[in-house]
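Below is one structure, written out as structure tokens, with a few remarks after it.
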Amino acid sequence: MKSSFVIVATAVVCAGISAIGIGFWAGPRQVAQEAADPIVLGTIPSALPSTPSLPASFQAHVMSPPAIFSVSNFTRKTVCIVERGAALTSRSRDFYAPPDCEQVWPGLARASNWTQNEDGSVIISDSNGAILLTLVRGRHFSYEAADEPGADLALLMLP
């Protein structure tokens, strides 16, 4: 009986010491003295009025990384690399083709806009809005020329 009392008393004393330690550890702190974590602060929305936020669908396009495509003209046996960049509108993205793409498709180096239509087709146009190329979705991550009969042109997304 005496050993049971010693065990119970030891357990109660240890629990008390643990409770006091936790009280000091998790007690109120002065926030002004602590350094704030910038990652945590960046995820907490502020209560101050700010600029209106973008719709979620537009934010997804803005956040998505650019895509790089290989453009192949099988008739001329030429290839170049182009880049579909940041979102301009909900359906339109920035587009860049280097000067060597002129040999793959005439006018492609002037292209500056990638517009995705609801049917999945893509229009590549210049800064004035002139359509340079119309593409339709091919297999997997590829597009094929649709506007020029006999054009054997394809865009393949690169990893």
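Summary table
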item: Per-region count, region 101-159, residues exposed (fewer than 14 other Cβ atoms within 10 Å of the Cβ) and of a type in the set (K, R); result: 1
item: Residues located in region 66-110, provided they are within 19 Å of L156 (Cβ to Cβ), assigned to a strand (DSSP E or B) and in contact with an Asp or Glu (Cβ under 6 Å, 6 or more places away or on another chain); result: I68, C80, G85, Y96
item: Set S53, S92, S57, S64: member being modelled with pLDDT under 65 and within 18 Å of Y143 (Cβ to Cβ); result: S64
item: Of all residues in region 111-159 being assigned to a loop (DSSP other than H, G, I, E, B) and under 18 Å from S90 (Cα atoms), the one that is farthest from the chain's Cα centre (by Cα); result: G129
item: Close pairs (6 angstrom Cβ cut-off, 6 or more residues apart or separate chains): touching a residue at least 24 places away in the same chain (Cβ under 8 Å) and under 13 Å from D126 (Cβ atoms) in region 99-115, in a loop (DSSP other than H, G, I, E, B) and open to solvent by 30 Å² or more (accessible area, probe 1.4 Å) anywhere; result: T115/R91
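The values are calculated or read from the model by the stated rules, or taken from the named source; none is laboratory data. It should be emphasised that the depicted structure is a prediction, and the values quoted were computed from it without experimental measurement. Glycine also receives a Cβ, built like all others from the backbone with ideal geometry; neighbour counts cover every protein chain displayed. The protein model used for the area step is the full one, side chains on, heavy atoms only, and it has no ligands, DNA or RNA in it. Shrake-Rupley method; radii C 1.70, N 1.55, O 1.52, S 1.80 Å.
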